[in-house]
Each structure stands twice: as C-alpha cells, then as structure tokens.
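Worksheet for the structure shown next.
Just so it is clear, none of the values below were taken in a lab; they were calculated from the coordinates. Just so you know, these numbers come straight off a predicted model, no measurement behind them. Note that each Cβ is placed from the backbone with ideal geometry, even for glycine, and that neighbours are counted across all protein chains shown.
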Amino acid sequence: MSQSTPHIDVFTQHLFWFVTVGLHHQSDEKMATQLNPYLNFSGQCREAMTFYHECLGGDLMMQKISESPMAAQMPSEMGAHIMHSSLTSGAIVLMGSDMMGSSLIRGNEFTLCLNCGSDEEINSYFEKLSSGGKVKTDLHQTFWGATYGELTDKFGFNWMLNYSRN
C-alpha cells in the first residue's frame, strides 16, 4: 500500500465539514455506519440533484460555492456551482458536488463515502480497503472534529472514510 502525504486539500476539508454537519445535525445519538454514494459533476450538480429529488422525494440541501467559506479561494465563475449537496429520503442518502471540474473523467464521477460508527471501525475498514490500493490521505483528526482519510482501493474505486464523535 502506498502512503500519502499528511496534507489534505482545502476543498476536501470544507467538503467533509459540510457532509459531517449535514449528516449529524439531526441527533446527538451515535450514528450507525452508512455507505453513501457521492456523485461528482462538472457543472450539472444542481440539475441532476433536482432530478433525483423529483424522482426520490425527500429533503434536498444544496450549498453553492459562493455561499461557502471557500468562495474567496475559488474563481468567481465557480460561485454558482454546487460545493456540496445532499438528498435524504428515508434511508437513502445521495450526495453530490461540482468540485471535480475539468478533472472529471469516466471512473471518478463518484466516490463511496463511508461514515463509520467508531474509531475501531474506521481503522479496520481503512486498513482493509487500502490493502493493495493507494492511500490518498492518511487517517487523521480534522478541524471539524472527525477522523478522516481517503483511499483508492485495489479495484480503482475512490473512498472517503469519516468518523465523527459528535
């Protein structure tokens, strides 16, 4: 398994802060482990998530880049793009973003987001999933109070793992 640098880009920090806040704001109870698809778009996130909302119902939350702490760090033309969106309908949680931009290629248009329920769980899953793959960001403590890491598994699928004690 290759090791990554401990650096995590500003986008990922803000993105996962939004994900964590969005998934944990409803309750102080310990969250059960969840595996959620995270769809990456290049400017079509609002249209796609609105379509999925019409199809699946539920609650749709969208955060524009211009409304986020990252706005000053991004080109002004990116302001209307979606930083993070989350559609929750019963047990369904579908997330999406326009943040991939021109780096979006077939195969990286989604990431599997694994929200874990304990330190032991995130460490075990991270170790097993990264075996034979590539660690992109080592597990570490984040400014949003979670343990977080990223990897690409041996089959080429991207994973974000998060455990928030909140």
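Based only on other Cβ atoms within 10 Å, what is the fewest-to-most ordering of Asp98, Asp59?
So the residues, fewest neighbours to most, are Asp59, Asp98.
Could you give the length gained by full extension between Ala80 and Thr33, i.e. 0.36 nm per residue of separation minus their alpha carbon distance, to one decimal place?
Once the chain is fully extended between Ala80 and Thr33, it gains 13.7 nm.
Just subtract the alpha-carbon distance of Leu112 and Ala71 from 0.36 nm times their residue separation and send over the number in nm, one decimal.
Working: separation 41, 0.36 × 41 = 14.76 nm, distance 2.55 nm.
Stretched out fully, the Leu112 to Ala71 stretch lengthens by 12.2 nm.
Please list, in order along the range 125-135, the HN-Hα scalar couplings obtained from phi with the Karplus expression 6.51 cos²θ - 1.76 cosθ + 1.60 (θ = phi - 60°), rounded to whole Hz, x for Gly and Pro.
Each residue of the range 125-135 in turn: 4, 4, 4, 5, 5, 7, 4, x, x, 9, 7 Hz.
Distance between the C-alpha centers of the range 46-87 and the range 111-133? Whole Å please.
27 Å
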